[in-house]
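Contents: one structure, followed by commentary.
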Amino acid sequence: MNTEQIKALDERYVLHTYGRTPFVLERGEGMYVYDTEGKAYLDFVAGIAVNALGHADPGVAGAIADQASQLIHVSNLYHTIPQAELAEMLVESSFADKVFFCNSGTESVEAAIKFARKWAKVTGDVARTEFVAFTEAFHGRTMGSLALTPRPHYQDPFRPLMPGVKFAAFNELEAAAEAIDANTCACIVEPLQGEGGVNPATESFLKALRDLCDEQNALLIFDEVQCGLGRTGTLWAHEPFDVTPDIMTLAKPLGGGLPIGATLMTQEVADVMAPGDHASTFAANPVVCAAAKEVFARISDPAFLERVRSVGDYLLNKLLMLQEKYDVIQEVRGRGLIVGVQTDIDVGPIVDACYEEGLLTVKAGDNVLRMVPPLIVEKEHVDEAIEIVDEAFATI
């Protein structure tokens, strides 16, 4: 089938909850994807911060093929080797004592919600049921996680939402202190907001949240679904701040493109959960876990993370040079290989202009151009991308 036939088939049979591009992607290799007409695109989206090792990575593909030839699925009624080994890797490399596996970022947040609610009840306060989240946050689109995502255009069509959620201004200590109180069972925050505009949390803010949660006997949840696992140049986005959560949610890059989520927790939280309290048929599928082991082993290598920081600094500096050139660019912010370009215009036409010249970028809100390339990106790829973005801003 040609491009138009594929798009017509999609139009007829697929529920359109996404605005899609005018082209059809067919294959990928490394930093590039190719459409059905053979056109190459430099990928600075990475499947929305998922494809950390790029496209068609031989190590990931080999791990998938090897495991698929042995055992694909048996459910969580049974022990499997890849799940146990992946759990060890995650726990031994983090603050956590236990991990719960699921299939996506939003599922990892839903699990965190349940774990926090039960923790509060088991530890003696059945009235402590509220959550505190922050402006510009994004925690998912299922009903619990949606309630923690303060976007009217996401929430309003599906009200009533899960009750018991309060929102405070991101990075504002006084607002957080007012919101976190005796009714709070948990506070959830992204150490670096992705969908909300690539907004880094300050060290003082995260430390204050830790202190406030301790004072009010509430749990602190870090959502690192987009910013975790090497994206910021450290394994965990919260790592440079010497602040640890009670629960952390992970997903996007972990499976190398296959669906997986993980909710990490301290032993204190784990102790309140019992068999039957939560479950997932497909979670920790052996094939997905085999891929995740390959991804995690490579991302967690200190030399790999050092290169992410180096190329990330290079990207940031190149974008700062564009800011000096174009008045519409108000700010460039981010860390590692998650960078946002704040503008005073709708960046949709910028994204479209980049498509025309063979570059994939993505919005983070109407006015922020977001760049989240595969973590294998090199400086020459940055140069190529910046040249295209420069031309797009000049044209617009």
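Assorted remarks:
- Checking Tyr154 against (1) in a loop (DSSP other than H, G, I, E, B); (2) surrounded by fewer than 21 Cβ atoms within 10 Å (Cβ to Cβ), the condition it does not meet: (1)
- Considering residues of the stretch 21-69 that are among the polar types (S, T, N, Q) and within 22 Å of the chain's Cα centre (by Cα) only, the residue farthest from Val311 (Cα to Cα): Thr21
- Ala96 surrounded by 23 or more Cβ atoms within 10 Å (Cβ to Cβ), within 24 Å of Ala297 (Cα to Cα) and outside the structural domain of Glu174 (by TED's automatic domain parsing): no
- Residues of the stretch 352-396 satisfying the condition of being in a loop (DSSP other than H, G, I, E, B), in contact with a helix residue (DSSP H, G or I) (Cβ under 6 Å, 6 or more places away or on another chain), hydrophobic (A, V, I, L, M, F, W, C) and buried (at least 21 other Cβ atoms within 10 Å of the Cβ): Val372, Leu375, Val377
- Hey, Thr232 polar (S, T, N, Q), under 18 Å from Val91 (Cα atoms), out of contact with any Phe, Trp or Tyr (no Cβ under 7 Å at 6 or more places or on another chain) and touching a residue at least 40 places away in the same chain (Cβ under 8 Å) or not: no
- Residue match in the stretch 191-213 (condition: modelled with pLDDT under 95 and either surrounded by fewer than 22 Cβ atoms within 10 Å (Cβ to Cβ) or in a loop (DSSP other than H, G, I, E, B) (or both)): no
- Scanning the stretch 183-202 for residues that are in contact with a Gly (Cβ under 8 Å, 6 or more places away or on another chain) and among the aliphatic types (A, V, I, L, M) yields a count of 2.
- Exactly one residue out of Thr149, Thr142, Thr129, Thr80 is in contact with a Pro (Cβ under 6 Å, 6 or more places away or on another chain) and either among the hydroxyl-bearing types (Ser, Thr, Tyr) or surrounded by fewer than 19 Cβ atoms within 10 Å (Cβ to Cβ) (or both), and it is Thr80.
- Among the criteria (1) modelled with pLDDT of 95 or more; (2) under 21 Å from the mean Cα position of the chain (by Cα); (3) aromatic (Phe, Trp, Tyr), the one Tyr18 does not fulfil is (1).
- Some residue of the stretch 92-106 being closer than 21 Å to Gln216 by Cα and among the aliphatic types (A, V, I, L, M): no
The values are calculated or read from the model by the stated rules, or taken from the named source; none is laboratory data. Just so it is clear, the structure is predicted and the values come from calculations on it, not from any experiment. Using ideal geometry, Cβ is built from the backbone for each residue, glycine included, and neighbour counts are taken over all protein chains shown.
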